[in-house]
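Down below is the structure, laid out as C-alpha cells.
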Amino acid sequence: QSALTQPASVSGSPGQSITISCTGTSSDVGGYDHVSWYQQHPGKVPKLMIYDVSQRPSGVSNRFSGSKSANTASLTISGLQAEDEADYYCSSYISGSTVVFGGGTKLTVL
Amino acid sequence: EVQLVESGGGLVQPGGSLRLSCAASGFPFSSYIMYWVRQAPGKGLECVAYISSSSSTIYYADSVKGRFTISRDNARNSLYLQMNSLRAEDTAFYYCARDFWNPYYRHFTYGLDVWGQGTTVSVSS
C-alpha cells in the first residue's frame, strides 16, 4: 500500500493552466480506471473533483479535467483562479485493499 | 440533506482504545461502501479502513491492521471504528466517507464524494 507519488507543489498565474501528476504502478493507477482527485482548502473537508480518471461530479467546474497514461494520472486545471489555491490529492483503487492516496500537491496561484 | 457526522474522538494514552462513530443521514446508508480516512496534522490523507455495504468485505491499511476494526450497523445508519493499542502516530483527524455511486454505469467508483466534518484523535501520555 505505498502512497502514490505527487509533486509537493505546483504554481501558476491566474488564467494559466497547470497539471498535477500522480504516479503509481500497474497494481493501482495503471491497472484500473478508478482514479480520483480531491481538492482540500485549509481547515476544510476534501472535495471530490474527478472520479473514474476523467469524470466530474455534478457541480464541479469544467476547468478541472483528468486523464491517465500507463501508471500516471494527471489533473489539469485550466483558467487558473485564486480560489483554486488548495491542496490536491489523487487516489486509486487497488484490488484487495483499501483505496490508496497520493502524498498531496500544494497549488499556489501567483 | 446527505450528511455524515463523526463522534468519539478525544485524548488517549498510548496503548489505549477509542471507538469512533459516524451517523449517516439523507441517503440509503445500507447500499453504500464506506471508509474511514485519517489526516495527521499537516500531513496527507490515508485511507485506514474500507467496508462493503453488507460488511462482507473489509480491508485495512497495513499501518492499522490487527489494531483497528471497522464495522457498521445498517439498521442504525451507523459506521464505527474500534481503535485499540493506539500509538502516537495514530494522532490525526478521522473522517468517515462514502463511496460515490456512478448512476450512469451503475458501479461504485472508489471516489469518496461525501465526507463528515471529522473527529480528532490525539494519542499522548
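The values are calculated or read from the model by the stated rules, or taken from the named source; none is laboratory data. All values reported here derive from a predicted model rather than from experimental measurement. All Cβ positions, even for glycine, are placed from backbone atoms using ideal geometry, and neighbour counts span all protein chains on display.
May I ask you to verify whether residue B:46 is acidic (Asp, Glu) and closer than 13 Å to residue B:95 by Cβ?
Details: acidic (Asp, Glu): yes; closer than 13 Å to residue B:95 by Cβ: yes.
Yes, satisfied.
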Report task. Scan the strands (runs of 3 or more DSSP E) fully inside the stretch B:68-120 and keep the ones with 3 or more residues being at the interface with another protein chain (Cβ under 10 Å from one of its Cβ atoms). Result -> B:92-102, B:107-115
Report task. Please tell me if residue B:37 is at the interface with chain A (Cβ under 10 Å from one of its Cβ atoms), crowded, with 21+ Cβ neighbours inside 10 Å, free of Cβ contacts under 8 Å to residues at least 60 places away in the same chain and within 14 Å of the chain's Cα centre (by Cα). Result -> no
Requested in this report: Go through the stretch A:60-96 and give me each residue that's under 20 Å from residue B:107 (Cα atoms) and among the small types (Gly, Ala, Ser).
Outcome: A:66, A:67, A:91, A:92, A:95, A:96
Query raised in the report: residue A:88 versus (1) closer than 30 Å to residue B:56 by Cα; (2) among the aromatic types (Phe, Trp, Tyr); (3) not in a loop (DSSP other than H, G, I, E, B): which is the lone unmet condition?
Result: (1)
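Does residue B:90 satisfy the condition of being surrounded by 21 or more Cβ atoms within 10 Å (Cβ to Cβ), of a type in the set (Asp, Glu) and at pLDDT 95 or above? Reasoning before the result, please.
On the way: surrounded by 21 or more Cβ atoms within 10 Å (Cβ to Cβ): yes; of a type in the set (Asp, Glu): yes; at pLDDT 95 or above: yes.
Yes; evaluated as a whole, the condition is true for this residue.
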Report task. List every residue pair whose Cβ atoms sit under 6 Å apart, with the two residues 6 or more apart in sequence or on different chains, where the first one lies in the stretch A:87-110 and is within 14 Å of residue B:99 (Cα to Cα) and the second, anywhere, is surrounded by 24 or more Cβ atoms within 10 Å (Cβ to Cβ) and among the small types (Gly, Ala, Ser). Result -> A:91/A:36; A:92/A:24; A:99/A:91; A:100/A:92
Query - Residue in the stretch A:1-19 that is nearest to the chain's Cα centre (by Cα), counting only those that are surrounded by 13 or more Cβ atoms within 10 Å (Cβ to Cβ) and either within 23 Å of residue B:48 (Cβ to Cβ) or at pLDDT below 95 (or both) - result: A:6
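Collect the residues in the stretch A:39-87 that are of a type in the set (D, E, K, R) and within 25 Å of residue A:26 (Cα to Cα), keeping them in residue-number order. Before the answer, list the steps.
First, pick out the residues of the stretch A:39-87 that are of a type in the set (D, E, K, R): A:44, A:47, A:52, A:56, A:63, A:68, A:83-85, A:87.
A:52, A:56, A:68, listed by residue number.
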Report summary line: Given the conditions (1) part of a strand (DSSP E or B); (2) surrounded by fewer than 17 Cβ atoms within 10 Å (Cβ to Cβ), every one holds for residue A:42 apart from (1)
Report summary line: Scanning the stretch B:42-86 residue by residue, those closer than 19 Å to residue B:12 by Cβ, loosely packed, with under 14 Cβ neighbours inside 10 Å and not polar (S, T, N, Q) turn out to be B:66
Query raised in the report: Is at least one residue of the stretch B:23-33 closer than 21 Å to residue A:93 by Cα and either in a loop (DSSP other than H, G, I, E, B) or without any contact (Cβ under 8 Å) to a residue 12 or more places away in the chain (or both)?
Result: yes
Report summary line: Filtering the stretch A:71-96 down to residues that are within 14 Å of another protein chain (Cβ to nearest Cβ), buried (at least 17 other Cβ atoms within 10 Å of the Cβ) and among the small types (Gly, Ala, Ser) yields A:73, A:86, A:91, A:92
Query raised in the report: If a residue has to be without any contact (Cβ under 8 Å) to a residue 40 or more places away in the chain, under 12 Å from the mean Cα position of the chain (by Cα) and more than 11 Å from residue A:66 (Cα to Cα) to count, how many in the stretch A:20-49 make the cut?
Result: 2
